[in-house]
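A quick write-up on the structure given underneath.
The values are calculated or read from the model by the stated rules, or taken from the named source; none is laboratory data. All of these numbers come straight from a predicted model, not from anything done at the bench. Here the Cβ positions follow ideal geometry from the backbone for every residue, glycine too, while neighbour counts run over all protein chains shown.
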Amino acid sequence: MSRIGKKPVAVPSGAEVSVNGQTVKAKGPKGELEFVVTDLCAVAMTDDGIEVTPVNKTKVARSLWGMSRTMVSNICEGVTSGFTKNLQLEGVGYRAQMKGKQLVLALGYSHDVEFDIPEGIEIKTPKPTEIEISGIDKQKVGQTAAVIRSFRPPEPYKGKGVKYQGEYIFRKEGKKK
């Protein structure tokens, strides 16, 4: 039984949510999102909020139940408050700056890495060693952060690279004489 799936999704104030068959549409101050729930789950609008229930007791239906409820919750939260991921650059000479619609990263390579910002994503660089990625779609924000991190993931010896804010890097001891 899904513990997450049992809870109804509360509709936040300032958001309009409509359920039409398997499609859930949310409209809020930040924008508009929609999610099509799988046929193995039923979606209904109630007084408590939006309820997602499995159609039958198969393992696949039960495994998609919690995921569908979380996706509906994410679109409701996204259109009202949005999502943010913060990245930090660690290393001598590592820096980030915005150039128009591109993020230019100096990551110790012989060239600067230029990253085109996807549609619906906003990137800010409050400091040269910090990157703030924000948007209404949680998947796009996370994917963009993962792509930027993949340009130079943190290494375990000196901790240099692009890491998530608050991420712990397991450090290794170097070789000894």
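Side notes on the structure shown:
- Subset of the stretch 13-24 that is surrounded by fewer than 16 Cβ atoms within 10 Å (Cβ to Cβ) and touching an Asp or Glu at 6+ places or on another chain (Cβ under 9 Å) - its residue that is farthest from V43 (Cα to Cα): T23
- Long-range neighbours under 8 Å by Cβ, at least six apart or interchain, first residue outside any strand (DSSP E or B) within the stretch 149-177, second among the polar types (S, T, N, Q): Q165/N86; Q165/Q88
- Flag for K59 being assigned by TED's automatic domain parsing to the domain that holds P128, over 19 Å from D137 (Cα atoms) and of a type in the set (D, E, K, R): no
- Taking strands (runs of 3 or more DSSP E) as the structural unit, those lying wholly within the stretch 1-108 and holding at least 1 residues that are touching a helix residue (DSSP H, G or I) at 6+ places or on another chain (Cβ under 9 Å), modelled with pLDDT of 90 or more and under 30 Å from P126 (Cα atoms) correspond to 23-27, 32-36, 83-90, 95-99, 102-106.
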